[in-house]
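The structure appears below as structure tokens.
The values are calculated or read from the model by the stated rules, or taken from the named source; none is laboratory data. All of these numbers come straight from a predicted model, not from anything done at the bench. Cβ atoms come from the backbone with ideal geometry, glycine included; neighbour counts cover every protein chain shown.
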Amino acid sequence: MMRDAKLMRRVFFNRDPRIVARELLGKIIVRNAGRKMLAGRIVEVEAYLGAGDLAAHAAAGHTARNAVLFGPPGHAYVYFIYGVHYCLNISCLPNGEAGGILFRALEPISGIPAMAEARGFTGLDLASARDLRRIASGPGKLCEALGVTRPRDNGKDMVSPHSDLQVMDDGFSVEQIAVTPRIGITKSAEMPLRYIIAGNAFVSKK
């Protein structure tokens, strides 16, 4: 599976986040951690637009905190939320135009014991979808499972062959996509910008 995966190209992310978000479903996030390779299939994302999207960090304009969103496409934007969790996003659109996609849930596919350990789990039944779902079914959970933090990863090029955090494509085909309003926001909450693989057991919320 992973052996045939190819690194995503920057041009893929140099487009409207709504288009990219749909096409990101089924792709893979890979963390190369020394001899360990941790990976999960993307099953849920949310698109965030520019100035007209009040829920987007870019709506406040260009700041030191959100500078990655205004930079070249394909870079990791990581922020800390609620004083507890990190959230991983990837920048979209050309340099100077703000847009991004939040990774909300992954289906673990490689390095699963290490991902479970990073989440503090012991005794999980790794053959059980119910147990596996606990590893990365939420933006904070997936960051913890992959060891994603702002100091370590913010601004990292996720389409560079030299990066330890990448987005890859193994040719997986998504049969059906469902679209809903985004979760956990109050501004621009009605916008249908959450995309999930329909029927997937690993999404954060049905």
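Just a few scattered comments:
Here is a yes/no grid of residues against (1) farther than 23 Å from S204 by Cα; (2) out of contact with any Phe, Trp or Tyr (no Cβ under 8 Å at 6 or more places or on another chain); (3) hydrophobic (A, V, I, L, M, F, W, C):
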position	(1), (2), (3)
F13	yes, yes, yes
R22	no, no, no
K36	yes, yes, no
G50	yes, yes, no
A56	no, no, yes
A76	no, yes, yes
I81	no, yes, yes
H85	no, yes, no
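- Of everything in region 112-141 that is touching a strand residue (DSSP E or B) at 6+ places or on another chain (Cβ under 7 Å) and over 23 Å from I90 (Cα atoms), the residue that is surrounded by the most Cβ atoms within 10 Å (Cβ to Cβ) is L132.
- Against the numbered list (1) at negative phi; (2) among the hydroxyl-bearing types (S, T, Y); (3) more than 15 Å from the chain's Cα centre (by Cα), T149 comes up short only at (3).
- Residue check: L102 meets all listed conditions (1) more than 16 Å from H57 (Cβ to Cβ); (2) crowded, with 18+ Cβ neighbours inside 10 Å but one, namely (1).
- Pairs are defined by a Cβ separation below 6 Å, a sequence spacing of at least 6 or placement on different chains, a first member in region 109-132 that is under 15 Å from C143 (Cα atoms) and of a type in the set (A, V, I, L, M), and a second member that is outside any helix (DSSP H, G or I) and at pLDDT below 95; the pairs so defined are I112/L126; A114/K36; A116/L124.
- Contact map, region 59-74: first residue surrounded by 13 or more Cβ atoms within 10 Å (Cβ to Cβ), second residue modelled with pLDDT under 90 and outside any loop (DSSP other than H, G, I, E, B), Cβ cut-off under 8 Å, separation 6 or more or different chains; pairs are R65/H57; N66/H57; N66/A58; N66/A60; L69/H57; L69/A58; F70/A58.
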